[in-house]
Amino acid sequence: MHVKYNHPSALITSIVGEAFVDGYLLLKDESFEKAALRARDFVLASQFSPGYFKKSSIYVADHLNVDATCGAFLAKYGKVFSDQQCLDSARITAEHICKYQFSDGAFPYTNENKGNYQYCLDIPCIHYQGVTLYYLLKIIDSLENDWLDAEFEKGVKWLAAVQFPDGKFDWSKSGLMFAYYLSGAYAFATPCFIYGTKWSSGYSENAEKALKVLESNVKDIVNRWESGPMLSFPASVFTALNTANIGNYPVSHRLFRFGYGMYRQFSRRRFSNSVNPKLFNILSYIMCINTSTIEPDNNFPDLFMTSEVLDCLSYSIHREIKK
């Protein structure tokens, strides 16, 4: 159950469905195969149109990372169980996603279909750039076809362009506030950079630097957000200001985005093992903001982020072993 809402989700069903397929491959347990089949049917039934999957019953915008995640599950299911419908759907999904790629290589969080959001979220996001590329890579691997290489190369090039020499990302180029400074961005970027070495060996250095930043944010469980020292907080004002100006939004919403950015800049610099969203809930109530996320005023160890990091890194190892 999600902390804020509990609704059927094609996104989560795809992630769990892929785990069932892996479980079946490893253990040959028919109960996993049956569960994966039910997940397959639900995900296919969650398409609004070819390649466009409904994230959940209440979030219905066309999220490209959701499409990619659903496509990756269907591609893997189709490959393992020789299901041509799933294979065809995965290919169409990948083509649908790439149709909305910006000319500079970035993918928007959503396309022009804003769904139930107040404003359209067709803006770049460093974290979801990695997520979208990661699941496109899984589609490429399952279909055993490199037909997406031109779009993938552009996507990796953009990701490298927003990475500083020390390996950290330039979050002033990332416009999605609730994904601001997510530590998992470095894990999702790693297999994408590694795949990018087919065009340039220099991407291996990008991957190594991303892993070093990730390592600094891992104790036992991964930090929710990329941490930072309080001494750098004043300079973060300019980062948040640049972020707030990404996208074509009215001044009032840009001010909200700036406030959200500064709240995150403050929160990620304070660490606690517990989560207390009281301040965020008060601010949301005052500003009449309805949010589906939990935003405490401190950084914290996050099991969900840890699971995503583990998935990305183990997949990177698996691909290298296969090579």
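Of all the numbered requirements in (1) among the acidic types (Asp, Glu); (2) in a helix (DSSP H, G or I); (3) farther than 23 Å from Ser89 by Cα, Asp122 misses one, and that requirement is (2).
Within region 12-26, the set of residues being farther than 9 Å from Ala39 by Cβ and open to solvent by 30 Å² or more (accessible area, probe 1.4 Å) comprises Ile12, Ile15, Ala19, Asp22, Tyr24, Leu25, Leu26.
Answer yes or no: is there a residue in region 6-16 that is among the hydroxyl-bearing types (Ser, Thr, Tyr), part of a helix (DSSP H, G or I) and under 25 Å from Tyr109 (Cβ atoms). Yes - at least one qualifying residue is present in region 6-16. The residues in region 269-295 that are in a loop (DSSP other than H, G, I, E, B), on the phi < 0 side of the Ramachandran plot and either at pLDDT below 90 or exposed (fewer than 15 other Cβ atoms within 10 Å of the Cβ) (or both) can be counted, and the count is 15. Within region 132-171, the residues that satisfy the criterion of being closer than 30 Å to Arg257 by Cβ, part of a helix (DSSP H, G or I) and open to solvent by less than 10 Å² (accessible area, probe 1.4 Å) are Thr132, Leu133, Tyr134, Leu136, Phe152, Gly155, Val156, Leu159, Trp171.
Does Lys34 meet the test of being modelled with pLDDT under 95, open to solvent by 60 Å² or more (accessible area, probe 1.4 Å), out of contact with any Leu (no Cβ under 8 Å at 6 or more places or on another chain) and basic (Lys, Arg)? No: the conditions fail for Lys34.
For region 183-218, the candidate set comprises residues that are open to solvent by less than 10 Å² (accessible area, probe 1.4 Å) and not in a helix (DSSP H, G or I); within that set, the residue that is farthest from Lys138 (Cα to Cα) is Asn217.
Among the residues of region 43-75, the ones that are farther than 19 Å from Ser292 by Cβ, in contact (Cβ under 8 Å) with a residue 24 or more places away in the chain and among the hydroxyl-bearing types (Ser, Thr, Tyr) come to 1 in all. Based on this model, can you work out whether Leu121 counts as within 16 Å of the chain's Cα centre (by Cα) and open to solvent by 10 Å² or more (accessible area, probe 1.4 Å)? Yes; evaluated as a whole, the condition is true for this residue. Restricting region 97-116 to residues that are open to solvent by less than 40 Å² (accessible area, probe 1.4 Å) and not hydrophobic (A, V, I, L, M, F, W, C), the residue that is farthest from Ser49 (Cα to Cα) is Gly105.
Scanning region 83-96 for residues that are buried (at least 20 other Cβ atoms within 10 Å of the Cβ) and either free of Cβ contacts under 8 Å to residues at least 24 places away in the same chain or over 15 Å from Phe73 (Cα atoms) (or both) yields a single hit, His96. Considering only region 222-229, I want to know if a residue exists there that is over 23 Å from the mean Cα position of the chain (by Cα) and either open to solvent by less than 60 Å² (accessible area, probe 1.4 Å) or over 19 Å from Leu176 (Cβ atoms) (or both). Yes, some residue in region 222-229 is over 23 Å from the mean Cα position of the chain (by Cα) and either open to solvent by less than 60 Å² (accessible area, probe 1.4 Å) or over 19 Å from Leu176 (Cβ atoms) (or both). Within region 266-277, is there a residue that is within 30 Å of Leu136 (Cβ to Cβ), in contact (Cβ under 8 Å) with a residue 24 or more places away in the chain and among the small types (Gly, Ala, Ser)? No, region 266-277 contains no residue that is within 30 Å of Leu136 (Cβ to Cβ), in contact (Cβ under 8 Å) with a residue 24 or more places away in the chain and among the small types (Gly, Ala, Ser).
Results for (1) of a type in the set (Asp, Glu); (2) without any contact (Cβ under 8 Å) to a residue 40 or more places away in the chain; (3) under 19 Å from Arg268 (Cβ atoms), shown as yes or no for each residue.
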position	(1), (2), (3)
Ile286	no, yes, no
Ile289	no, yes, no
Thr293	no, no, yes
Asp302	yes, no, yes
Ser307	no, yes, no
Leu310	no, yes, no
Ser314	no, yes, no
Glu320	yes, no, no
Lys323	no, yes, no
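For region 29-42, state whether one or more residues are in contact with an Asp or Glu (Cβ under 8 Å, 6 or more places away or on another chain), without any contact (Cβ under 8 Å) to a residue 60 or more places away in the chain and not in a helix (DSSP H, G or I). No: zero hits.
The values are calculated or read from the model by the stated rules, or taken from the named source; none is laboratory data. Only a predicted model underlies this, so the values are computations on that prediction, with no experimental measurement involved. No Cβ is skipped: glycine too gets one built from the backbone with ideal geometry, and neighbour counts run over all protein chains shown. Please note that ligands, DNA and RNA were not included when accessible areas were found on the heavy atoms of the full protein model with its side chains. Shrake-Rupley method; radii C 1.70, N 1.55, O 1.52, S 1.80 Å.
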